[in-house]
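One structure is given below, encoded as structure tokens.
The values are calculated or read from the model by the stated rules, or taken from the named source; none is laboratory data. A quick note: this is a predicted structure, and the numbers were derived from the prediction, not measured. A quick note on method: Cβ atoms are made from the backbone with ideal geometry, for glycine too, and the neighbour counts reach across all protein chains shown. Accessible surface is based on the protein model in full, side chains and every heavy atom, while ligands, DNA and RNA are left aside. Shrake-Rupley method; radii C 1.70, N 1.55, O 1.52, S 1.80 Å.
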Amino acid sequence: NDPGNTFCTPAQISYFLNDLVFGMKLTAQSSDTMIIKRRKVLWVSGLNVPENYGDTIQFKSGSTLILEPSAELEACFGGVIIYETGSNVSWDEHTCNSAENSSQIVITGGGTFVVNNGGFIQIKDGGKLIIGDNTTLSFESDISPLILRTGSQVIMGNNSKIQFKNGAFIWAVGSTFTCPNGSWQGITFENSTNDTVRNCTFSNASKFLDF
């Protein structure tokens with residue numbers, strides 16, 4: 001950790017009205033704005049017991065997340081980051097979203113969610129990238145990759161897809177792509193460079209890779 005630059009959600013278990021409550025949820029509603037300042041890191045954390053009962057940050061349609069250069073929003077130990085496709089994310093150079101250790105990044109709502117301007121998404125061992133039905137995750141800058149490390153999972157919704165444009169690229173090694181319900185449209189490449197897909201497993205796609 002970098003003292004003064006690294007922050008974390010509470011990641012606590014508590015009792016409320018005799019029920020065991022796991023974690024907290026912060027929701028950015030329409031017209032709300034969150035800013036993560038330059039070189040600051042916010043961890044959305046959980047306790048990893050049970051899996052996926054961590055803190056959650058959700059960006060509803062019409063909300064805004066501003067990531068200043070080298071800012072990071074990361075999920076760990078069951079933490080969850082949720083974007084509706086109508087939310088607005090202002091990416092900048094070296095800005096990052098990542099998930100690891102039973103945590104998730106979820107993109108849902110139909111439509112297209114864009115990563116550009118030097119921002120990128122990274123899914124590490126034990127992390128999940130979940131894309132909802134009829135939703136497209138689009139990378140649209142030559143310095144905006146999707147990085148999938150060994151042990152990561154990509155869970156696709158029906159009729160969903162991932163696309164790379166304008167020099168954006170994928171680096172995926174040892175990742176698993178699944179679609180539990182229906183069929184997804186695969187990964188499409190349009191003027192994409194430096195792509196790496198190695199030792200990955202694909203299932204239930206109409207076409208896995210479309211160049």
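Checking each residue in segment 160-191 for being over 17 Å from LYS128 (Cα atoms) and touching a Gly at 6+ places or on another chain (Cβ under 7 Å) picks out only ASN191.
Within segment 158-176, the residues that satisfy the criterion of being out of contact with any strand residue (DSSP E or B) (no Cβ under 6 Å at 6 or more places or on another chain) and over 22 Å from ASN117 (Cβ atoms) are ASN158, ASN159, GLY174. Tallying residues that are within 22 Å of GLY127 (Cα to Cα) and open to solvent by 30 Å² or more (accessible area, probe 1.4 Å) within segment 186-198 yields 4. Looking at segment 79-96, which of the residues that are outside any loop (DSSP other than H, G, I, E, B) and not hydroxyl-bearing (Ser, Thr, Tyr) is farthest from GLY132 (Cα to Cα)? Selected residue: CYS96. Those strands (runs of 3 or more DSSP E) of segment 133-194 in which 2 or more residues are within 17 Å of the chain's Cα centre (by Cα) occupy 135-139, 146-148, 153-156, 161-165, 170-173, 176-178.
Restricting the first member to segment 183-211 and to residues that are at negative phi, and the second to residues that are of a type in the set (Val, Ile, Thr), the beta-carbon pairs closer than 6 Å and six or more apart or on different chains are ILE187/ILE162; ASP195/ILE170; ARG198/VAL173; THR201/THR176; SER203/THR178; LEU209/ILE187; ASP210/THR188. How many residues does segment 168-180 contain that are surrounded by fewer than 17 Cβ atoms within 10 Å (Cβ to Cβ) and either within 16 Å of LEU137 (Cα to Cα) or touching a residue at least 40 places away in the same chain (Cβ under 8 Å) (or both)? Matching residues across segment 168-180 total 1. Scanning segment 125-149 for residues that are open to solvent by 10 Å² or more (accessible area, probe 1.4 Å) and either without any contact (Cβ under 8 Å) to a residue 12 or more places away in the chain or farther than 14 Å from ALA99 by Cβ (or both) yields GLY132, ASP133, ASN134, THR136, GLU140, SER141, ASP142, ILE143, PRO145. Return a yes/no flag: does segment 17-27 have any residue that is within 28 Å of GLY111 (Cβ to Cβ), modelled with pLDDT under 90 and outside any loop (DSSP other than H, G, I, E, B). Yes: one or more hits. Every condition in (1) open to solvent by less than 10 Å² (accessible area, probe 1.4 Å); (2) more than 17 Å from PHE7 (Cβ to Cβ); (3) out of contact with any Leu (no Cβ under 6 Å at 6 or more places or on another chain) is met by SER102 except one, and the failing one is (1).
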